[in-house]
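Okay, structure first, notes after.
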Amino acid sequence: MAEPAVKIPDAKVALSTASVYPESTATAFEIAARLGYDGVEVMVWTDPVSQDIEALRRLSDYHQIPILAVHAPCLLITQRVWSTDPWTKLQRARAAAEKLDASTVVVHPPFRWQRQYARDFVAGIWRMANETDVRFAVENMYPWRYRDREMLAYAPDWDVTNDDYRHFTIDLSHTATARADALDMVDRMGDRLGHVHLADGRGSAKDEHLVPGRGTQPCAEVLERLALTGFDGHVVIEVNTRRAMSSAEREADLAEALAFTRLHLASAAKVPRR
């Protein structure tokens with residue numbers, strides 16, 4: 001039997017609810033369903049709906065679109081969401097994922113000033129991962145820069161491949177800000193790469209989250225590599241549309257990001273030489 005000309009992995013393409021900011025979590029579900037995304041990743045943040053499991057379940061049922069992942073509230077602006085204790089936040093994120101049938105919890109490494117949390121983080125993530133079928137996928141971050149100065153804001157490390165985790169999330173906007181080699185990081189993550197945040201960047205000190213294809217990151221090459229290796233995690237569009245001049249412009253950006261992702265996930269299969 002001839003091999004197929006195109007190899008498409010089982011990976012689902014989801015929309016992060018953060019991608020519609022400053023619109024609401026509910027709007028993200030509506031747009032994801034209308035554009036044909038396979039699901040959503042819920043960014044738990046200051047929007048009360050993002051914190052409410054029953055409200056999220058109703059949105060999922062109404063729009064007939066599954067919740068594939070939950071992003072734990074790890075940002076500076078979410079320090080008081082779901083408790084001020086970081087382990088409580090992760091426990092609640094896991095419980096939300098289990099109740100919503102989401103397969104993945106995305107988590108950032110601790111801030112360096114969270115000393116006790118940072119000290120116990122690697123062992124604690126393993127302990128929590130052993131208690132559930134939900135994947136805890138730890139996300140690569142970046143150094144903070146101001147002019148010529150660099151501050152290491154995350155511990156044990158912004159480059160999560162320097163520590164031992166069961167699953168990783170790679171974020172291509174973060175590799176741009178870190179000025180790291182994204183393809184090399186994918187290789188180092190290997191079969192522990194369980195989740196992808198797809199966005200682009202130009203290497204600015206600011207975390208840009210551009211639509212894929214509008215920056216310098218190898219977004220297409222990463223997707224093609226995932227296709228060839230049979231990646232079965234989720235690819236999540238996590239882009240910044242805050243500068244969109246209208247809802248129509250925001251939706252066009254998210255449609256473009258989805259089309260780019262589906263195109264490059266359909267990678268040409270290797271044809272054997274005769």
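A few notes on this one:
- Region 217-255, subset assigned to a loop (DSSP other than H, G, I, E, B) and crowded, with 18+ Cβ neighbours inside 10 Å, residue nearest to the chain's Cα centre (by Cα): Glu238
- Residue within region 138-148 that is under 23 Å from Ala96 (Cβ atoms) and charged (D, E, K, R) present: yes
- The residues listed here are Gly190, Gly203, Gly194; of these, the one that is part of a loop (DSSP other than H, G, I, E, B) and either crowded, with 21+ Cβ neighbours inside 10 Å or of a type in the set (Gly, Ala, Ser) (or both) is Gly203.
Matching residues to (1) closer than 20 Å to Asn240 by Cβ; (2) assigned to a loop (DSSP other than H, G, I, E, B); (3) free of Cβ contacts under 8 Å to residues at least 24 places away in the same chain:
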position: Thr132; (1), (2), (3): no, yes, no
position: Thr161; (1), (2), (3): no, no, no
position: Ile170; (1), (2), (3): yes, no, no
position: Thr175; (1), (2), (3): yes, no, no
position: Leu183; (1), (2), (3): no, no, no
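- The lone exception for Lys99 - which of (1) of a type in the set (Lys, Arg); (2) more than 19 Å from Phe29 (Cα to Cα); (3) modelled with pLDDT of 95 or more; (4) open to solvent by 30 Å² or more (accessible area, probe 1.4 Å) it fails: (2)
- Meets criteria (among the charged types (D, E, K, R) and open to solvent by 50 Å² or more (accessible area, probe 1.4 Å)) for Asp159: no
- Selection of region 58-81 for residues being of a type outside the set (A, V, I, L, M) and either under 20 Å from the mean Cα position of the chain (by Cα) or open to solvent by less than 20 Å² (accessible area, probe 1.4 Å) (or both) yields Ser60, Pro66, His71, Pro73, Cys74, Thr78, Gln79.
- In region 103-154, the residues that are farther than 20 Å from Leu68 by Cα, open to solvent by less than 50 Å² (accessible area, probe 1.4 Å) and charged (D, E, K, R): none
The values are calculated or read from the model by the stated rules, or taken from the named source; none is laboratory data. None of these values were measured; they are calculated from a predicted model. Heads up, the Cβs are rebuilt from the backbone with ideal geometry, glycines too, and the neighbour counts pull from every protein chain shown. Heads up: the accessible areas ignore ligands, DNA and RNA and are worked out on the full protein's heavy atoms, side chains in. Shrake-Rupley method; radii C 1.70, N 1.55, O 1.52, S 1.80 Å.
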